[in-house]
Amino acid sequence: LSAPPDTLNRVIAAEIGAARFGVHLGTRLLAEVGPAWAAQAVGDGVLVVSDANVAEHAAVVRASLEQAGMRVTEVVVPPGEPSKSFGEVERICRAAAQAGLRRADAIVAVGGGVIGDLAGFVAASYLRGVRLVHVPTTLLAMVDSSIGGKTGIDLAEGKNLVGAIWQPHLVVMDIGTLATLPARQRSCGFAEIIKYGLLDGPELFARVDDWPADGDVTDLIARCVAHKLAVVAADERESGIRASLNLGHTVGHGIEAAGGYDRYHHGEAISLGLLAALRVATVTAGLDESWWLRTRDALERQGLPVTLAREVATDDILTAMGRDKKNDGRSLNMVLVDGPGGVLLNQNPSIDVVRAAIEGIRE
Ligand SMILES: NC(=O)c1ccc[n+]([C@@H]2O[C@H](COP(=O)([O-])OP(=O)(O)OC[C@H]3O[C@@H](n4cnc5c(N)ncnc54)[C@H](O)[C@@H]3O)[C@@H](O)[C@H]2O)c1
Ligand SMILES: [Zn+2]
């Protein structure tokens, strides 16, 4: 993208397996999606997928694609997790077929992680795979879901049970889109950012740790994206180090499910899951208590919950964890850290230790 020289816009070059793509990060980039995609596109067709909450951002992307000479079709799905469904996959695929979208054409996902996962899965499946452009508009989608290639939808039996790994050809992160993001959603993105701080090491942790709640997040996003890209490049299919990204997610997913998926947003559940994991790590991995305290304060400063509501029962959380597809079914496989950057994969804390850790974050 040709950013004016006085801006801080940047491009992070991604290499994952055979995939090579640029992650563009900065301001006023929505209007650059058209020229950027036209410069590398093989086909001239695009299907823009978005939800009603990002209509103004999708309109800018759509106009820029049209101006760049692309044939644009649009599908708007209802906002929210229930749209990660076979019903929406069918609707988008049929819209693609009706628009005559071909193998060399692209799906452009404008929205949060729901849109990215859903449209990404369509891109992986329609015609056995078409090109994919991610334009993430939530902090969580920027630092997490638009990077790494995981796409998918939910079943009644569980989240993300059907999916594919499908890398994008282009990712465009326009920080300006975050201006319309509700504060609660911004906080949720910070749960993952604080997770990256714990995984990456003391330097990033310290920067994340005293980040003002209203501070400019561009640099932090760049660091998190670079961290995730490096991890995924080393282990695209999660046979090893990629599992480190699940820090806080074993208990977090249990809390999310036990709360019926409506009491806590994902990032809020991860905030609590991180604290539970660090509590476990103080018992089994020698993590110094001070890291737990600093992490709690950092989460709290970003508006995230740090105490677990009474109404969400520990037994329900543990039961839900048993169903978590990230467990192997026999034991509680967890990622822990013994300090920032000190990742410990495949830890097997006893249920009793995990139970006590969950009780330890009660209000
Ligand atoms: N593929 C992956 O690796 C990966 C990683 C993490 C999470 N996920 C998935 O991501 C999803 C969560 O993503 P999310 O937190 O972005 O949720 P989301 O996509 O539901 O977005 C949150 C809400 O914000 C709205 N929104 C989005 N951008 C906005 C903007 N700029 N201004 C105003 N409103 C806006 C959305 O319409 C929605 O109501 C989950 O389905 C999760 O499974 C995937
Ligand atoms: Zn997460």
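Summary of computed values
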| read-out | value |
| --- | --- |
| 10 Å beta-carbon shell around Ala14, net charge (K/R +1, D/E -1) | +1 |
| Stretchable slack from Arg28 to Ala213, in nm (0.36 nm times residue separation minus alpha-carbon distance) | 64.4 nm |
| Label-point gap, in nm, between Arg362 and Arg71 - each point 7 angstrom along Cα→Cβ | 6.3 |
| Formal net charge of residues neighbouring Thr314 (Cβ-Cβ distance under 10 Å; K, R +1; D, E -1) | -1 |
| Additional length obtainable on full extension of the chain from Asp338 to Arg94, 0.36 nm per residue less Cα span | 82.9 nm |
| Among 165-171, 237-243, 262-268, the order from most to least packed when residues are scored by Cβ within 10 Å on average | 165-171, 262-268, 237-243 |
| Protection proxy ranking of 80-88, 269-277, 300-308, 183-191 - average other beta-carbon atoms within 10 Å, highest first | 269-277, 183-191, 300-308, 80-88 |
| Beta bridges by DSSP in the stretch 1-94, antiparallel share as percent, to the nearest 5 | 50 |
| Efficiency of FRET between Ser239 and Ala183 - r from beta-carbon atoms, R0 41 angstrom, step 0.05 | 0.65 |
| Helix-derived mean residue ellipticity, 222 nm - over the chain, DSSP H n ≥ 4, -39500 (n - 2.57), to 500 | -13000 deg cm²/dmol |
| Charge tally in the Cβ shell below 14 Å around Leu65, where Lys, Arg are +1 and Asp, Glu are -1, Leu65 excluded | -2 |
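Each value in this text was obtained by applying a stated rule to the coordinates, not by laboratory testing. It should be emphasised that the depicted structure is a prediction, and the values quoted were computed from it without experimental measurement. Neighbour counts are summed over all protein chains in view; Cβ atoms, including those assigned to glycine, are modelled from backbone coordinates with ideal geometry.
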